[in-house]
1. Of the conditions (1) within 30 Å of B:Val297 (Cα to Cα); (2) of a type outside the set (Lys, Arg); (3) open to solvent by less than 40 Å² (accessible area, probe 1.4 Å); (4) more than 14 Å from every other protein chain (Cβ to nearest Cβ), B:Ile142 fails just one. Which one is it?
2. Taking region B:84-130, which residues are surrounded by fewer than 16 Cβ atoms within 10 Å (Cβ to Cβ) and outside any strand (DSSP E or B)?
3. Given A:Glu224, A:Glu251, which one is within 26 Å of A:Thr143 (Cα to Cα), out of contact with any Gly (no Cβ under 6 Å at 6 or more places or on another chain) and either open to solvent by less than 20 Å² (accessible area, probe 1.4 Å) or of a type in the set (A, V, I, L, M, F, W, C) (or both)?
4. Could you please let me know if A:Ala698 is over 25 Å from A:Met756 (Cα atoms), part of a strand (DSSP E or B), of a type in the set (A, V, I, L, M, F, W, C) and under 23 Å from the mean Cα position of the chain (by Cα)?
5. Taking region A:692-734, which residues are away from chain B (no Cβ under 14 Å) and either among the aromatic types (Phe, Trp, Tyr) or open to solvent by 60 Å² or more (accessible area, probe 1.4 Å) (or both)?
6. Give all pairs with beta carbons closer than 8 Å in which a residue from region B:93-110 that is more than 18 Å from B:Leu235 (Cβ to Cβ) meets a residue that is open to solvent by less than 30 Å² (accessible area, probe 1.4 Å) and of a type in the set (Phe, Trp, Tyr); count only pairs at least 6 apart in sequence or on separate chains.
7. Are any residues in region A:590-610 among the hydrophobic types (A, V, I, L, M, F, W, C) and surrounded by 15 or more Cβ atoms within 10 Å (Cβ to Cβ), and if so, which ones?
Amino acid sequence: MFTSLKTWHTHHACLIGLLLLILNILPGQALRAQSCFNGLVIHATGGESIQGAYVKAGNMEVILSGKAGDFRICGIHTDSILLEVTHLGFVPFKARVRVAAGSEKPFVVRMTALSIPIGEVVISATRTETKILETPVRVNLITSKTLQGQVSQKVDEVLQVVPGININRPFGPLSSKATVTMRGVNGKEQGRVLVLMDGIPVNKSDGGTVDWNMFDREGLDRIEVTKGAGSSVYGGNAMGGIINMISKSPEKGFSGKATVEYGTYNTLGARLNLSDAVEKEAQGKLLYWSALLFGGKSDGYITQSAYDQLVNPYITKSNMQEAGLVLKGGCRLKGGQQIEARLNVFDDRRGTGEKVYQPEGNTTDHDSQALSLNYKGMAGPWDIRSDLFFQQEHYKKVNEYIKDDYTWYEVLSVRQDAGWMNSFSRKAGKRHRITAGFDLKTGSVDAADTYYTSSDIVYNKGRMNTGALFVQDEMLFFREKMRLVAGIRYDHAVFTDGSFRIERPTRETDFMKSYQVPDMPVQNWNALSPRISLQVSPAVNSRIYLLYSRGFRAAVLDDLCRSGRVKGGFKIANPALKPEYMHNIEAGADRTLDNGTALSFSVYHSRGNDFHYYVSNGQTIDMGFGDRPVFVRSNISDIRISGAEAEIRMEPVPRLSLFVNYGYNDAVILSYHKLTVTDTIDLSGKNLTDVPMHVASAGGNWMWHIVNISFTVRYNGSMWINDQNIMDDILLRSQYPDYTTFDLRLWKNLPGGLGMSLMAQNLFDVKYYDSKDAVGPGRMLTAQITYQFGKRK
Amino acid sequence: MAVHKDIFCTLIPPAFFRHGRLIILLFSIMILFSCEKDETDADPFLQLKTGVAYTPPGGSVPLGGVIRIGVLASGGGVPLTYLRIQKISGGDTSLQIDRGLYAENAGLDEDFVFSKDTAQTETWLITVMNAGRKETSAGLVIHRGSGSAWGPVNHYQGIVLGLQSNTVSPHYLDARKGLAYTNTTVAGHEAEIDIVGYFYFTSGKPSPTLTCPAYPAAGGYYPQIASWTSKRMTLYDYYSTDNDLVSAAAFDAAVSDSLLVNAYNPRLVSGNCKFCYTGKVIPFKTQDNKYGLIKVVHAGENESGTIEIEIKVQP
């Protein structure tokens, strides 16, 4: 037995010894086979937890962080792991992390948000909240960071960093009119692009115009630019895209920011932004308000050409003064309900560069008020959004000049728009989100041109009432890797109360007498706007989409009910003008690389029919200086727009973000239907005016510890001046030349809430001209001081 | 009351009350921008001058004779901004003067000269308007006297004016005397100049153009005009010119001022007459109410060219 025991011992001792040896050599690994690793994913700033982040440890299976940002990985056999955490909109995290045996304390992963907005939520593409790369549509987002650093005086100028955008603001901050268009749509027709303020349309029914001067950048949190026809959710005006300005939401605690600035042409500006939000925890309420007061004035400069200055001794500087107030207040209740009211008041007076006898010479004056009431909430499974709005603009223009004698007349136009917009959205099963709604809108104009150097008064007025229904389904397939959005909208509009008449005409307006229509017939029209788009995401950070949409643009009241002078002749009202339509197909792709670099590309093709164009009716008219052609705005042309956009955004190192983008547009009239055989003009094959074939911009933001730097280089390609693409009488060329501008901003936040900034727009003083050969402002330098006060609770 | 106060406080965020004064200040600033001044309701003043120099109400003037109307007017507290003189004869109303102006405290004191037409009775209606769009009118009836009072004409031939870049020929023409002056010799005669010429392209077409010192564009082509203290206005009937209503033959045959007066239609006139091509005949009226005709003998079509004209004008 002893021998057996000895033999057993000898035999098994080796095994036991080997086992002990193995355990001694690799004690950790044997123990860690049972280890788990706990972690927490949070924002680097603010500390909010991040749900849904992808977490990978070595070769182990990828898991998602939970609602509290927590994750737990078990089955770890080593004392360290290569931990990788990624999430859309954040700089990827990758590090080798030690695994403490038996420790339950979570490892905190702090994720830094990218300045590239690839994980942001947008609403204007579908009227529901969706992530920017989960919506099968091209949306460009200007974030609050970009707004902060951007070199611009006015809100529309901020949009120059968006691919394919065309901004027409010929005189900088002194411009009374500015237009922002995109993707080949004529650069002077704001009515073909829908502009929203917190989802409320601000295009006027009168001319489709937007007074960009009444919005101040300080009050904005971000701007969404949705490309392609958005009529399936928003109806008319959205034919060429949507620009939605989103205002800031007040944060808890009273805070304020005061800004003063001074710059070129003796331009002064000031802003005061106040906000407060108080949480009533017991009642589950958050009450908030904000107030923004802004104003400015400028001595301006002479915009007219050297020739005009020679022949007109009454030319003076075009100047500016303006003030605005935005008040917002609201209440967030339990259950995700929110009620908000907003009031926007604006008044400006801009001199247009000529003065004879009137105290301020020729001026344009906007006296505007906009009021909106918004409700967001839930009723059972339904998300509800309802907006009531009213806006009114008193537009006054003083016009005086001397030619053969002195002429002085004033235009007073009251433009009103009001509406009620509603959307209802709910999930239907796991794969569908249904959104439906209705919109009601009424817009009107009541205008008079009153002469003070003769007895004439010219009146025009009209009203457009619109009702619409829409429905949309957002569908998910294959574990959310495929998304299909299909929607359709029906609009019905009635043009009514149209009138054009003249009281006591003299030589000033005698030639218009035969074009009076004191009581225009009522007109009705309908439009159906479908959209279908498909998106496939082969990987978490990439997508490909395909889209078809149909958009329309209703006639504006100015074309329906006003006759008057236009460049090159006289135009008569056309109350029978029908909407214009555009079919749009588009394909695009996006990819975000591991280092956070975002690549995007879109290509599109649009066919427009019944497009609105001024066409000669064969008649001529003498307005006091010889015969001129008479035009009628008509549905006479078919057009084609083809184009492409590409953009790269990157953060090569922390605190430095760069972008470069390019847009190409080829916009051509395919066919032109004459009104009369005597019309000798044929626009077939001609390019649309005011559309640059090439636009490009590049720039960046560098948050340097010495001073922060922002810069933008913008290239604007050449554009055709007139419809016939021939030499223009005034500019003596057929195209506006191309030009490149460079903007630079240096700014620094100092202790005590102070901040300083120096901004240079068009640093190299490049001159560009409009259709009357008037010159842009050139280089504009602005120095700014800010003071932030208050505290967050 | 306490209940109302509680509801009010619940509806309005408490923060509003803390910062209410600030918000009221913001509103007050906005209200200040909306203030506008009131306008007057007073009527303008109008009086027709009397005296031997002026045609009296009910007076008789022979065919072609001079009708002189003197106008005294003021705005009644605001500027006077409009003057209209209409002639109503044979059931037709024709506009003789239709002028915007801006006469402040001094008002308007001006004489107007017309020619008696063939109608037995004419009613002349003079209306003025002020910046408040208030109007006042006055009128007089004139009868046709016996006989004819057509007068002689001054005829000037071979007048050659240099266009704006021409450095050889004179530029400035005194139409009543038929005298042309250069940049140098015009000194001292600025108040006598009625006509200057220039060339440019407009509406895609070449345009030899006749204008006058008071027309704003003239100063662009002749910068020294800007410094003249007196600039005369000549009104050209461009409608008759564009439509060739007066032939060169008719111009050549005119020996009295009847054609000069009858050819001039005040309905479509301007201080600037474009497209003055060779062979055109242009009716005009000078600042001192003299009717005339210009025949374009030859018009150059470049800035350094010349324009040769013949003039027949009332003395």
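1. Tallying (1) within 30 Å of B:Val297 (Cα to Cα); (2) of a type outside the set (Lys, Arg); (3) open to solvent by less than 40 Å² (accessible area, probe 1.4 Å); (4) more than 14 Å from every other protein chain (Cβ to nearest Cβ), B:Ile142 fails exactly one: (1).
2. Matches in region B:84-130: B:Gly90, B:Gly91, B:Glu104, B:Asn105, B:Ala106, B:Thr118, B:Gln120.
3. Values: A:Glu251 fails: either open to solvent by less than 20 Å² (accessible area, probe 1.4 Å) or of a type in the set (A, V, I, L, M, F, W, C) (or both).
Being within 26 Å of A:Thr143 (Cα to Cα), out of contact with any Gly (no Cβ under 6 Å at 6 or more places or on another chain) and either open to solvent by less than 20 Å² (accessible area, probe 1.4 Å) or of a type in the set (A, V, I, L, M, F, W, C) (or both) holds for just one of A:Glu224, A:Glu251, which is A:Glu224.
4. no
5. A:Met693, A:His694, A:Trp702, A:Trp704, A:His705, A:Ile706, A:Phe711, A:Tyr715, A:Trp720
6. B:Tyr102/A:Tyr406; B:Tyr102/A:Trp408
7. Within region A:590-610, A:Ala598, A:Leu599, A:Phe601, A:Val603 meet the criteria.
This table checks each residue for (1) open to solvent by 60 Å² or more (accessible area, probe 1.4 Å); (2) over 27 Å from A:Lys403 (Cβ atoms); (3) modelled with pLDDT under 95; (4) within 11 Å of chain B (Cβ to nearest Cβ).
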position: A:Asn312; (1), (2), (3), (4): no, no, yes, yes
position: A:Ala323; (1), (2), (3), (4): no, yes, no, yes
position: A:Glu340; (1), (2), (3), (4): no, yes, no, no
position: A:Asp347; (1), (2), (3), (4): no, yes, no, yes
position: A:Gln358; (1), (2), (3), (4): no, no, no, yes
position: A:Ala379; (1), (2), (3), (4): no, yes, yes, no
position: A:Asp387; (1), (2), (3), (4): no, yes, no, no
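The values are calculated or read from the model by the stated rules, or taken from the named source; none is laboratory data. Small disclaimer: the values here were computed from a predicted structure and weren't measured. For neighbour counting, all protein chains shown are included, and Cβ atoms are generated from backbone atoms with ideal geometry for every residue, glycine included. Ligands, DNA and RNA are excluded from the accessible area calculation, which covers all protein heavy atoms including side chains. Shrake-Rupley method; radii C 1.70, N 1.55, O 1.52, S 1.80 Å.
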